[in-house]
1. Connecting C-alpha atoms closer than 10 Å in a GNM of the chain, tell me which of LEU85, LEU128, LEU76 has the biggest fluctuation.
2. Report the FRET efficiency, 1/(1 + (r/R0)^6), for PHE65 and ARG127, where r is their Cβ-Cβ distance and R0 is 25 Å, rounded to 0.05.
3. Quick check: at a probe of 1.4 Å, how many percent of the accessible area of the chain sits on carbon and sulfur atoms?
4. At a 1.4 Å probe radius, which order do LEU118, LEU69 fall into by accessible area, largest first?
5. Got a sec? Charge dipole of the chain, +1 on Cβ for Lys and Arg, -1 for Asp and Glu; which of GLY80, THR17, SER56 is way out at the positive end?
6. Using a probe radius of 1.4 Å on heavy atoms only, what accessible surface per residue do you get for the chain? Whole Å² is fine.
7. Let me check I have the definition right: for the chain, take the eigenvalues of the Cα gyration tensor, multiply each by 5, take square roots. What are those semi-axes in whole Å, largest first?
8. Pairs of Cα atoms under 8 Å, at least six residues apart: use those to get the relative contact order of the chain, whole percent.
Amino acid sequence: MSTAIAGVLEGTHSVVTPEYVEFRFVLAGLYSRFLAWLVDGLIVMFGTTAIMTALSTVMVAFPGFASALGFIVYFLLDWGYAIVLETAWSGQTVGKRLLGLRVIQESGVRIGFLQAALRNLVRPIDRLPVLYLVGGTAALFT
């Protein structure tokens with residue numbers, strides 16, 4: 001069996017530097033990715049609920065404004081949470097950090113703000129049509 005096929009079956013990613021030093025990275029499985037996503041989702045959900053509860057007096061006086069504010073708060077927490085943490089913590093969110101996962105570039109280096117922003121702003125396309133079917137299919141073929 002060739003080395004490239006063995007690497008895919010083992011769940012590893014190899015990077016060879018210009019000095020011919022090889023680094024091997026173990027790829028995260030579906031279960032650990034799901035658990036990290038679940039932890040991050042719960043943090044966003046509880047954070048949004050806490051902020052909306054704190055703003056409940058505004059909701060009573062201005063219900064239309066409060067609905068719009070709720071969407072904005074959810075958007076900022078849902079997308080901003082991952083973008084800010086992945087940039088500041090070298091590719092990790094709280095869920096990824098708890099499970100020892102990290103997002104890296106294909107070359108093996110940490111992601112920056114631009115990569116974190118792009119990957120999180122394109123996430124709704126990954127979710128299409130249901131349950132990350134587009135993102136899962138793309139990951140399967142790369």
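The values are calculated or read from the model by the stated rules, or taken from the named source; none is laboratory data. Note that this is a predicted model, so its numbers are computed, not measured. Quick reminder, even Gly has a Cβ in these numbers, built from the backbone with ideal geometry, and neighbours come from all protein chains shown. Quick note on the areas: whole protein, heavy atoms, side chains included, nothing else; ligands and nucleic acids left out. Shrake-Rupley method; radii C 1.70, N 1.55, O 1.52, S 1.80 Å.
1. LEU128
2. Numbers: r = 28 Å, r/R0 = 1.14.
The formula returns an efficiency of 0.30 here.
3. Numbers: 7360 of 9960 Å².
That share works out to 74 percent.
4. Details: LEU118 100, LEU69 45 Å².
From most exposed to least exposed: LEU118, LEU69.
5. Toward the positive end, the furthest listed residue is SER56.
6. Details: 9960 Å² over 142 residues.
Result: 70 Å² per residue.
7. Details: eigenvalues 271, 49, 33 Å².
For the chain, the ellipsoid semi-axes come out as 37, 16, 13 Å.
8. On the way: 119 pairs, mean separation 25.3, N = 142.
For the chain, the relative contact order is 18 percent.
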